1. Using the Cα centre of the protein assembly as shown as origin and beta-carbon charges of +1 (Lys, Arg) and -1 (Asp, Glu), tell me which of A:Gln416, A:Ser258, A:Met138 is placed farthest towards the positive end of the dipole.
2. Of the listed peptides B:331-340, A:375-384, what is their order by residue-averaged count of other C-beta atoms within 10 Å, with the highest listed first?
3. Would you tell me the mean number of C-beta atoms belonging to other protein chains that fall within 10 Å of each C-beta in A:415-426, as a whole number?
4. Pairs A:Lys4/B:Lys267; A:Lys49/B:Lys284; B:Lys190/B:Lys317; B:Lys267/B:Lys317; A:Lys286/A:Lys458: which exceed 22 Å Cα-Cα?
5. Pull up all non-local amide H partners of A:Arg319: gap of 5 or more, or a different chain, and H-to-H distance under 5 Å with H placed in the peptide plane.
6. So what is the diffusion coefficient of the protein assembly as shown in µm² per second by Stokes-Einstein at 37 °C and 0.692 mPa s, using a Kirkwood Rh over Cα pairs?
7. Over segment A:22-91, what portion of Cα pair distances is larger than 17 Å, expressed as a whole percent?
8. Of B:Val297, A:Thr99, B:Cys444, which is farthest along the charge dipole of the protein assembly as shown in the positive direction, counting Lys and Arg as +1 and Asp and Glu as -1 at C-beta?
Amino acid sequence: MPAKYHIHTEPAPPRFRPVGKLGIVDWREDCAGCHNCVKKSCVYGFYRKEADILHDEPGYLDYIYQCKGCLTCVQNCTKGILTRVVNPEYMQLGDSYYTPDIILTTWFQAETGKIPVSGSGYGGPFSGPGFDSMWTDMSEIVRPTRDGIHGREYISTSVDIGRTLPYLSFQDGQPTASPPTLIEIPFPVIFDVVPEPWQKGAICYSVIRAASEIGLMAIVPGDEIPAESGHIIPLYRNAEDAPTSADNSAAMVMLADSPNVVSVQKSLKEKNPDQIVAVRAPATPKSHKRAVELTREGVEVIQFDFDPHGMEHESSDPRHLRDVMREIHGALVREGIRDEVTLIASGGIALAEHAAKAIICGANLVAVDIPLMVALECRLCGECERGEICPVDLARIEPEYAVRRIVNLMGAWYNQMLEMLGAMGIREVRRLRGETGRSMFFEDLERDNFGRLFGKRKDRIGA
Amino acid sequence: MNAAQAAVLSTPTEKKRPTPDYSEVSRAVRPAPSRYRNEIGKFSIHRASTCIRCRRCVEICPYGVHSSPDGDGLIVRPQDYRCIGFDCSNTEHYCIEACPQGALSLLRNPAFDTLGDCRWTGDLLAATWAMAETGRIPPSHLESEIGNSGGGFDRLYFRYPDHPPADIRREDISTEILLNKRKDTRPKIKIDVPWYGGGMSFGSTNIRALLGRSRSATAWNTFTSTGEGGYHERLIPYSDHIITQVATGLFGVREDTIQRAPIVELKYAQGAKPGLGGHLLGDKNTPEVARMREAVVGTSLFSPFPFHSVYSIEDHKKHLDWISHVNPRALLSAKVSTPADIDMVAVGVYCAGAHIVHIDGSYGGTGAAPNIAKKNIAMPIEYAINQVHRFLLGEGVRDEINVIASGGIRTPADMAKAIALGADGVVIGTAELVALGCVRCGCCESGRGCARGICTTDTELLEMVTIDWCTQRLVNMYNAWREMLIDILYRLGLDSVTALRGRTDLLGHLDYEE
């Protein structure tokens with residue numbers, strides 16, 4: 001068996017106590033002062049330490065909201081003075097897209113490197129906007145392979161970045177053209193440019209280091225290329241700024257889309273044919289046309305950038321990445337040129353499941369940004385943008401620790417990707433690209449099942 | 001005073017709670033109060049120290065919130081989970097106003113507002129606890145039919161006629177279903193209620209809870225399933241009502257456990273983790289669990305996915321043939337998850353000779369599973385049921401096989417909707433655990449296991465419940481479920497649950513135009 005890609009994880013406990021969800025408080029007076037207070041028999045041993053914590057820790061409220069919420073003490077209290085409450089700070093975390101649950105689960109993964117597991121079924125809404133209105137399929141019998149416990153040991157998550165030949169041709173037994181350069185990365189995720197509010201301290205450096213450690217790539221602004229540039233993709237916001245010298249050692253560069261981007265791309269390719277030149281374009285209602293144009297012009301890689309919530313730009317009625325990527329992928333397939341270009345989707349990839357779903361919708365891989373910041377304990381509180389003090393002091397984060405947290409998150413994402421691929425019976429993630437046959441969309445299921453029974457829905461459904 | 005109120009009133013209070021005699025396995029409803037001192041309800045009533053023990057509140061409250069059990073004038077702390085809340089202010093028995101000292105105050109219980117989630121709301125949890133305690137339809141201040149998920153069962157509703165036919169009486173309505181519809185020589189097993197218990201393994205679940213489930217199934221002439229942890233010998237007295245599950249790990253699967261069972265269930269997949277294998281953590285693999293599973297103590301036990309002996313539809317047939325030959329009297333069930341082409345899977349199950357195709361939707365499950373799987377893999381059961389029903393009808397085989405649905409059946413209303421969509425019956429799991437006091441904290445796999453003593457093998461935690469208490473809670477819940485199902489059938493004008501199957505014309509959907 002060949003060496004298998006593996007992301008080594010090890011615990012990286014939080015520097016600051018995470019914002020918890022539930023806590024137990026006295027909500028009435030009249031405590032009987034029981035010697036054997038029910039809180040002392042907490043199954044998790046949580047409240048046995050409470051008195052010590054009161055003395056030693058400044059953030060007592062941070063401590064009490066780490067409760068698991070089993071309610072046993074609330075229900076056993078002699079006087080019934082205990083109650084369970086939801087931490088108001090928890091409710092304020094994130095926003096409508098990066099929900100408190102997403103932030104907590106990202107922290108857990110960054111700390112442990114493990115897949116989040118829980119019991120008693122799913123408790124969320126039936127469906128929702130965007131990625132929450134699709135399910136991935138599974139197969140009862142067919143597996144990627146019969147070897148191993150789950151058949152997942154042989155699943156490949158590698159993807160290629162670059163252009164592939166539409167077909168091979170031979171003359172006198174020899175190929176008539178050599179295949180273009182491809183970059184193979186072991187997991188279909190790259191790290192996007194660190195958003196502006198987080199460009200401080202060691203964060204950018206840590207993101208690059210983490211990418212390097214697990215064989216992925218990080219996009220960095222073209223004017224901030226660090227010395228060790230093996231795993232970086234310089235991004236030039238103005239295509240003209242891209243260095244045209246052949247000694248640019250980066251295996252791949254990225255140019256922001258502009259009217260003359262194709263000529264700059266061609267010029268770069270002439271100087272350095274082995275360098276992959278990607279174009280980064282905002283996702284808009286016209287993206288499918290732009291994707292066809294750029295591909296026909298020979299662009300090898302296109303990154304479509306959505307807003308942080310995965311919505312397209314320049315639209316009064318923006319659609320989610322789910323629908324826009326399907327449209328782009330479909331347009332390229334209809335033109336017969338889909339295999340000639342690598343599509344990267346960025347913006348709104350908040351969870352491992354989003355990466356898999358974006359690929360099902362047509363992307364070859366995804367670029368992530370905000371989840372990496374959340375992995376570093378960011379609370380998305382926006383204090384820094386208002387000039388206030390960062391509650392987790394991100395500017396002074398140690399690079400070693402930051403790298404460990406990001407690597408842990410990717411380790412957990414990797415294992416979740418394997419779970420989904422294994423369930424779908426797909427042996428490599430390359431085959432998942434645009435494979436909507438391995439998914440189920442809310443609007444299709446509604447139409448095919450309830451639509452037959454109840455006619456027309458009142459609302460527009462889908463993303 | 002209605003029957004529910006009478007049952008509540010007859011409940012012993014906390015100070016002198018007699019131990020009921022649960023030695024018989026009977027479907028008789030008997031009060032089975034919460035095992036906790038403070039059951040959680042929607043409202044909280046506080047009695048201040050200005051109370052003069054005039055007993056006015058005891059006299060007027062019809063819900064048993066206030067009581068003075070010893071007759072010595074002492075009034076115990078209000079059993080406020082029974083309180084119906086501010087609606088009571090419109091009645092003549094509103095204790096808050098009746099108290100001459102103004103010593104009573106009514107608030108919404110803050111703990112209640114932290115209960116539950118979109119699918120199992122606080123109301124549904126409290127309603128299930130009420131059913132398990134009283135055996136009756138929950139009080140009307142608790143929403144006991146739908147949750148707040150925004151789709152599926154929570155948006156479906158029944159189109160009740162204005163007046164049910166006059167010739168139908170509740171006591172004549174049948175809730176039994178036949179589990180063998182094939183024209184073969186195997187037993188024509190009927191169950192008295194259109195549901196049975198889903199697989200929960202010994203190892204994942206407290207043996208006392210498993211015994212409670214078995215005894216309740218026996219009392220109600222239905223079934224429960226071993227799950228894949230093997231067939232514990234303490235379940236043998238109830239073997240006429242226990243399904244042996246043959247799952248991919250084949251833990252504890254032997255000829256004798258197959259031969260003992262009236263129904264054998266081949267578990268291909270499960271809704272909680274469709275397409276994924278199982279994993280019993282090493283900590284839960286105690287000596288007794290290891291003995292049952294024929295494994296080494298303390299090691300993590302993996303159930304592969306799928307059966308490594310089933311590569312094709314032909315192998316699936318051979319698999320059923322194997323069980324069929326080992327136990328010539330067993331009915332055969334195949335438990336599958338809900339992929340996009342579940343209809344074809346169901347026909348394959350039929351063609352291989354099964355009596356039951358058990359489709360397990362993606363949102364259910366009781367045991368610990370990766371969150372990514374529970375939320376994203378396979379379709380919700382609401383879609384799958386009618387897809388399977390229609391396809392089997394089209395193939396002309398619908399009346400030869402039972403379609404049993406599970407994975408998100410929380411209430412009798414969900415069950416009735418599933419049957420109206422085309423299922424013959426349902427399998428329940430989480431509802432049973434909630435009846436036993438589960439609060440869905442989701443920490444089944446943490447540390448020593450379930451902090452509520454239900455899903456654990458920890459010797460100290462399993463002492464939190466008794467077999468008799470588990471049995472009675474489930475017997476009560478079953479009775480309430482049956483009463484609520486009969487009420488739905490009566491209001492629809494149907495004389496049996498089998499008449500409801502596939503009656504999609506009786507359903508409406510709130511998100512669709514009329």
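The values are calculated or read from the model by the stated rules, or taken from the named source; none is laboratory data. Keep in mind that this is a model prediction, so the values were computed, not measured. So basically every Cβ, Gly included, is an ideal-geometry build from the backbone, and we count neighbours across all protein chains shown. Note: areas computed on protein heavy atoms with side chains; ligands, DNA, RNA excluded. Shrake-Rupley method; radii C 1.70, N 1.55, O 1.52, S 1.80 Å.
1. A:Met138
2. B:331-340, A:375-384
3. 4
4. A:Lys4/B:Lys267; A:Lys49/B:Lys284; B:Lys190/B:Lys317; A:Lys286/A:Lys458
5. A:Glu312
6. 108
7. 42
8. B:Val297
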